[in-house]
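Structure, as structure tokens:
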């Protein structure tokens, strides 16, 4: 009984953790988060190293993409 509840709680926690990684960030947010300049981020985008969405006319980044790029 308790192990079943524990397993369900772990599943919920994993779901919440994975959703928190997919937060959308602006260029300014990423610059603050990484402590890198916007020009450094623009170079990474131009080189194709950092994924970015431009659908809204602004550069938007998923936090998980930024973390993956940083851990390279």
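All of the numbers you see were taken from the coordinates with simple rules; none came from a lab. From a predicted model like this one, the values you see are computed outputs, not experimental measurements.
Would you mind calculating the relative contact order of the chain from Cα pairs under 8 angstrom and at least 6 residues apart, reporting the percent as a whole number? Before the final figure, lay out the partial values.
Values: 52 pairs, mean separation 23.6, N = 72.
Reported relative contact order: 33 percent.
Among (1) 65; (2) 60; (3) 56, only one was calculated for this model; which label is it, if the read-out is percent of Cα pairs over 14 Å apart?
(1)
Pulled fully out, how much extra length does the chain show between residue 68 and residue 43, if you take 0.36 nm times their separation in residues and subtract their Cα-Cα distance?
7.4 nm
Nearest 10 degrees is fine. How inclined is helix 2-20 to the longest principal axis of the chain, computing both from alpha carbons?
10
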